[in-house]
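What follows is a short report on a single structure.
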Amino acid sequence: MVKIMQRIYLDHNATTPVHPEVLEAMLPFMTEQFGNGSSIHTYGREARNAIDDAREQVAALINAKSSSEIVFTSTGTEADNYAIKGIAELQQSRSGGNHIITSAIEHHAVLHTCQYLEKRGFEVTYLPVDRYGRIQLDDLREAIRDETILISIMHANNETGVIEPMVEICEIAQEQRIPVHTDAVQSVGKLPVDVQALGVSMLSLSAHKIYGPKGIGALYLRRGTRLENLLHGGSHERNRRAGSENVPSIVGIGQAAAVAKKDREANIEHLNQLTGKLRQGLHEGIDYIHENSDPSNSLPGTLNISFEYIEGESLILRLDMEGICVSTGSACTSGSMEPSHVLAALGLPPQLAQGTVRFSLGKDNTEAEIDEVIEKVPKVVEQMRGMSPAYKKL
């Protein structure tokens, strides 16, 4: 009888499994409650009520003042695009402002959107970061111009887990009356994200990072913040996003938000404990490694490690053969031969950056699993380094 390998999933920053409570909430809206939320008969009213409830749940997770400040999108990427392009197009036509400030370590959903706008006459400042990926507030102050129309800085980085000083960023922006957008796809549900305390004008989030379904996200849009629409058609989402609502997935993101809010503190404690154990075990068991996550200022559950004398993609494949699922960084750039732009911004040499692995833990990981990872990773690393001429010379 063939024994089935039990796999250890440590790639939760890429995606998470759907929580059973989320699936249970979604199923009726894939079957008997199939109505269109714009219809006024019973089926439509059921769908509309479900959408309204989900909007309240998402608003509660991030402490929005009103559920009307939540706009459902297809993904976190769409939410980023809507925020940045929407501000850019509106302000260019109204004020002539054409300058955007972001950071060098943003997700490509932000970076590529800014690059798209540069080709259309906008100017973008990409702020540098320190060794652990934090922007410097003095750099932000110096970058602001009279023409600045938006500051977009991610709340927490998807590769290293570094948390940016959003409160201070927003305070600086408010002095100049500049709106702030933050990509909080990685932090919502993992940190106590509070849009009132942060002071942001816009915030992007995604369901599949918090044990919800793929293909649904949301943009928090503070009351009074105006955007040009990306999509045109019907009057859905209060005339902000045309298209029939994806009711099952909206129900899913709502339930995922409710569960995340309920379990957040316990999950943070659990993830911090497991991450500390993994960090200690890897440092004790392996020489020539470099940690790119700041232990005092990173997301619970995220650990980014560079291994000298090893190629990261090969290490990931070898670990997969051992039943351990990790990644090199962003799932959106998986398979690229280029070194991570995030690690390059941190100042890592290309060779070291290409030997990097991201461990991202989730609520269901156990101490026994981490013990197994601590046992297996050093053995695999040593085997791979045994084939490296550079390592043999040491």
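The values are calculated or read from the model by the stated rules, or taken from the named source; none is laboratory data. Quantities reported herein were computed from a predicted structural model and do not represent experimental measurements. In this analysis, Cβ positions are derived from the backbone assuming ideal geometry, glycine residues included, and neighbour counts consider all displayed protein chains. Only protein heavy atoms, including side chains, enter the accessible area calculation; ligands, DNA and RNA are left aside. Shrake-Rupley method; radii C 1.70, N 1.55, O 1.52, S 1.80 Å.
Answer yes or no: is there a residue in region 16-24 that is under 23 Å from the mean Cα position of the chain (by Cα), over 19 Å from residue 76 (Cβ atoms), open to solvent by 60 Å² or more (accessible area, probe 1.4 Å) and not aliphatic (A, V, I, L, M). Walk me through how you get there before you give the answer.
The first filter runs over region 16-24 and keeps only residues under 23 Å from the mean Cα position of the chain (by Cα), leaving 16-23.
From what's left, over 19 Å from residue 76 (Cβ atoms): 20-21, 23.
Next, from what is left, pick out any that are open to solvent by 60 Å² or more (accessible area, probe 1.4 Å): 20-21, 23.
Then keep just the ones that are not aliphatic (A, V, I, L, M); that gives 20-21.
Looking for residues that are under 23 Å from the mean Cα position of the chain (by Cα), over 19 Å from residue 76 (Cβ atoms), open to solvent by 60 Å² or more (accessible area, probe 1.4 Å) and not aliphatic (A, V, I, L, M), one finds at least one in region 16-24, hence yes.
Is there any pair with a first residue in region 276-297 that is of a type in the set (Gly, Ala, Ser) and a second that is assigned to a helix (DSSP H, G or I) whose Cβ atoms are under 7 Å apart and which are 6 or more apart or on different chains, and what are they?
281/374; 285/374; 285/378
State which residue pairs qualify: first residue among the charged types (D, E, K, R) and inside region 373-392, second residue surrounded by 12 or more Cβ atoms within 10 Å (Cβ to Cβ) in any location, beta carbons under 6 Å apart, and separation of 6 or more residues or different chains.
Sorted first by the residue in region 373-392, then by its partner, the pairs are 376/322; 385/309; 385/391.
What helices (runs of 4 or more DSSP H), lying completely within region 1-119, carry at least 3 residues that are under 30 Å from residue 148 (Cβ atoms)?
42-62, 76-94, 108-118
Out of the residues in region 26-37 that are open to solvent by 70 Å² or more (accessible area, probe 1.4 Å) and not hydrophobic (A, V, I, L, M, F, W, C), which is modelled with the highest pLDDT? Break it down stepwise before answering.
Taking region 26-37 first, the residues open to solvent by 70 Å² or more (accessible area, probe 1.4 Å) are 27, 30-32, 34.
Next, only the ones that are not hydrophobic (A, V, I, L, M, F, W, C) stay: 31-32.
Details: 31: 95, 32: 92.
By that ranking, first place goes to 31.
Within region 335-363, which residues are in contact (Cβ under 8 Å) with a residue 40 or more places away in the chain, open to solvent by 20 Å² or more (accessible area, probe 1.4 Å) and not hydrophobic (A, V, I, L, M, F, W, C)?
Of everything in region 335-363, those that are in contact (Cβ under 8 Å) with a residue 40 or more places away in the chain, open to solvent by 20 Å² or more (accessible area, probe 1.4 Å) and not hydrophobic (A, V, I, L, M, F, W, C) turn out to be 340, 341, 347, 354, 363.
Could you please find all residues in region 145-177 being surrounded by fewer than 24 Cβ atoms within 10 Å (Cβ to Cβ) and hydroxyl-bearing (Ser, Thr, Tyr)?
148
Do you know which of the residues in region 47-66 that are of a type in the set (Asp, Glu) and open to solvent by 70 Å² or more (accessible area, probe 1.4 Å) is nearest to residue 264 (Cα to Cα)? Full working, then the answer.
Step one: of region 47-66, the residues of a type in the set (Asp, Glu) are 52-53, 56.
This time we only want the ones that are open to solvent by 70 Å² or more (accessible area, probe 1.4 Å), so: 53, 56.
Numbers: 53: 20, 56: 18 Å.
Going through the qualifying residues, I end up with 56.
From the list 97, 161, pick out the single residue that is touching a residue at least 12 places away in the same chain (Cβ under 8 Å) and at positive phi.
Criteria check complete, one pass: 161.
Please note which strands (runs of 3 or more DSSP E) are completely contained in region 273-375 and include at least 1 residues that are in contact with a Gly (Cβ under 7 Å, 6 or more places away or on another chain).
302-307, 356-360
Of the numbered conditions (1) farther than 18 Å from residue 80 by Cα; (2) crowded, with 24+ Cβ neighbours inside 10 Å; (3) of a type outside the set (Val, Ile, Thr), residue 136 fails exactly one; give the number of that condition.
In the conditions (1) farther than 18 Å from residue 80 by Cα; (2) crowded, with 24+ Cβ neighbours inside 10 Å; (3) of a type outside the set (Val, Ile, Thr), residue 136 misses (2) alone.
Kindly list the number of the only condition in (1) more than 18 Å from the chain's Cα centre (by Cα); (2) open to solvent by 10 Å² or more (accessible area, probe 1.4 Å) that fails for residue 271.
Unmet for residue 271, out of (1) more than 18 Å from the chain's Cα centre (by Cα); (2) open to solvent by 10 Å² or more (accessible area, probe 1.4 Å): (1).
For region 306-323, which positions are surrounded by fewer than 23 Cβ atoms within 10 Å (Cβ to Cβ) and among the β-branched types (Val, Ile, Thr)?
316
Among the residues of region 244-280, what is the count of those that are modelled with pLDDT under 95 and within 18 Å of residue 20 (Cα to Cα)?
Qualifying residue count, region 244-280: 0.
Go through region 380-392 residue by residue and tally those that are more than 16 Å from residue 283 (Cβ to Cβ) and open to solvent by 70 Å² or more (accessible area, probe 1.4 Å).
Result for region 380-392: 4.
Those residues that are within 11 Å of residue 105 (Cβ to Cβ) and among the β-branched types (Val, Ile, Thr), I need them from region 143-168; list them, please.
Those that are within 11 Å of residue 105 (Cβ to Cβ) and among the β-branched types (Val, Ile, Thr): 153, 160, 162.
Just name the residue that is least open to solvent (accessible area, probe 1.4 Å) out of those in region 185-236 that are assigned to a helix (DSSP H, G or I) and farther than 13 Å from residue 79 by Cα.
Once the filter is applied, the top-ranked residue is 195.
Here is a check on your reading of the model: is residue 90 touching a Leu at 6+ places or on another chain (Cβ under 8 Å), over 30 Å from residue 132 (Cβ atoms), open to solvent by less than 60 Å² (accessible area, probe 1.4 Å) and touching a residue at least 24 places away in the same chain (Cβ under 8 Å)?
yes
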